[in-house]
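S.K.: Just dropping this structure here.
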Amino acid sequence: MLALHASSAPSVPSAPATRPVVRILNATKRFGRHTALNAVSLDVAEGEVVVVIGPSGSGKSTLIRAVNGLETLDEGDVEVGGTRLSDGASALARVRAEVGMVFQSFNLFPHLTVLENLTLAPMLVRKLKKPEAQRAAQELLARVRIPEQAGKYPAQLSGGQQQRVAIARALTMRPRVMLFDEPTSALDPEMVKEVLDVMKELAKAGMTMICVTHEMGFAREVGHRVVFMDEGHILEEDTPARFFESPRSQRAREFLAKIL
């Protein structure tokens, strides 16, 4: 079990050169006349942290939601661990068992305690007995640094605490890949760091992660690769150092000039 400490920022290992665990293959998604994704392809290796950035409406959230089938593609496909989403309902179920997702909003069940939020899916889906599910949930709450909140309801927690519960809940299913869709955008500034620190520790532990975020400091420090999107296309992919120091496209230079 990985122990989390708030003392110093973790060092992230170099991106592993392994077979892709996630493959996005010519993904196209349209909403009416608007093309949110336009023949996008992206491979993510086991243990890699890919940070997806770009202006609003560029297709970032649509891309990440397509990975676990929350958005159905009009063309193309997604493969996770060798299973393709296009292979039917059973394939979709297998992929979702491998993929955890954390959203902008926390999506916790308000009528359940923190512990109940964490034990529900493992008991229903993985058929864990209640004591086993509770032990695992308590370990994960310790991992995200809020073990004392187990008996509280979501409304009794701060936004940062609720988002850490959401991360712990995603981890209860022991995912192979974690998706983060702007997980700090709904938080007050003073709560952002506590969520990013947990995400950094997951990266340090070798979790495969695809993160849509506006937190450029996180992208620089933790990402193995930055993917820049605009108007449904991937315009650039590079290491954080090279991307932030010398972006190749004019659109990326304009974007960075506005946010840095």
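S.K.: Would you point out the residue of segment 97-124, among those that are hydrophobic (A, V, I, L, M, F, W, C) and within 14 Å of GLN138 (Cβ to Cβ), that is most open to solvent (accessible area, probe 1.4 Å)?
M.R.: The extreme case among them is LEU115.
S.K.: Across segment 113-147, what is the number of residues that are in contact with a helix residue (DSSP H, G or I) (Cβ under 8 Å, 6 or more places away or on another chain) and within 23 Å of VAL198 (Cα to Cα)?
M.R.: 19
S.K.: Taking segment 64-73 on its own, how many of its residues are in a loop (DSSP other than H, G, I, E, B) and open to solvent by 50 Å² or more (accessible area, probe 1.4 Å)?
M.R.: Matching residues across segment 64-73 total 2.
S.K.: Only one of SER61, SER90 is in contact (Cβ under 8 Å) with a residue 60 or more places away in the chain and in a helix (DSSP H, G or I). Can you tell me which?
M.R.: SER61
S.K.: Please work out which one of (1) out of contact with any Gly (no Cβ under 8 Å at 6 or more places or on another chain); (2) surrounded by fewer than 18 Cβ atoms within 10 Å (Cβ to Cβ); (3) in contact (Cβ under 8 Å) with a residue 24 or more places away in the chain is the condition PRO131 fails and give its number.
M.R.: The failed condition is (3).
S.K.: Select, from SER61, SER56, the only residue that is surrounded by fewer than 19 Cβ atoms within 10 Å (Cβ to Cβ) and either out of contact with any Lys or Arg (no Cβ under 9 Å at 6 or more places or on another chain) or of a type in the set (Gly, Ala, Ser) (or both).
M.R.: None of the others qualify; the one that does is SER56.
S.K.: Sticking with this structure for a sec: Evaluate segment 134-151: report whether one residue or more is farther than 28 Å from GLU231 by Cα, touching a Pro at 6+ places or on another chain (Cβ under 8 Å) and open to solvent by 10 Å² or more (accessible area, probe 1.4 Å).
M.R.: Yes - at least one qualifying residue is present in segment 134-151.
S.K.: Is there any pair linking a residue in segment 179-191 that is under 14 Å from ARG65 (Cβ atoms) to one that is among the hydroxyl-bearing types (Ser, Thr, Tyr) and open to solvent by 30 Å² or more (accessible area, probe 1.4 Å), with Cβ under 6 Å and at least six apart or on different chains, and which?
M.R.: Pairs found: ASP181/SER61.
S.K.: As an exercise: evaluate THR83 against (1) touching a strand residue (DSSP E or B) at 6+ places or on another chain (Cβ under 9 Å); (2) over 16 Å from ILE210 (Cβ atoms); (3) open to solvent by less than 30 Å² (accessible area, probe 1.4 Å) and give the number of the one condition it does not meet.
M.R.: Every listed condition holds for THR83 apart from (1).
S.K.: So GLY76 ticks every box in (1) among the small types (Gly, Ala, Ser); (2) open to solvent by less than 20 Å² (accessible area, probe 1.4 Å); (3) in a strand (DSSP E or B) but one. Which box is left unticked?
M.R.: With (1) among the small types (Gly, Ala, Ser); (2) open to solvent by less than 20 Å² (accessible area, probe 1.4 Å); (3) in a strand (DSSP E or B) applied to GLY76, the lone miss is (2).
Here is a yes/no grid of residues against (1) of a type outside the set (A, V, I, L, M, F, W, C); (2) under 12 Å from the mean Cα position of the chain (by Cα):
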| site | (1), (2) |
| --- | --- |
| ALA170 | no, yes |
| MET173 | no, no |
| VAL177 | no, yes |
| PHE180 | no, yes |
| THR184 | yes, yes |
| LEU187 | no, no |
| ASP197 | yes, no |
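The values are calculated or read from the model by the stated rules, or taken from the named source; none is laboratory data. This one's a predicted model, so the numbers in the text were calculated from it and none came from an experiment. All Cβ positions, glycine included, derive from the backbone under ideal geometry; neighbour counts span all protein chains shown. In case anyone asks, the SASA skips ligands and DNA or RNA and just uses the protein heavy atoms, side chains included. Shrake-Rupley method; radii C 1.70, N 1.55, O 1.52, S 1.80 Å.
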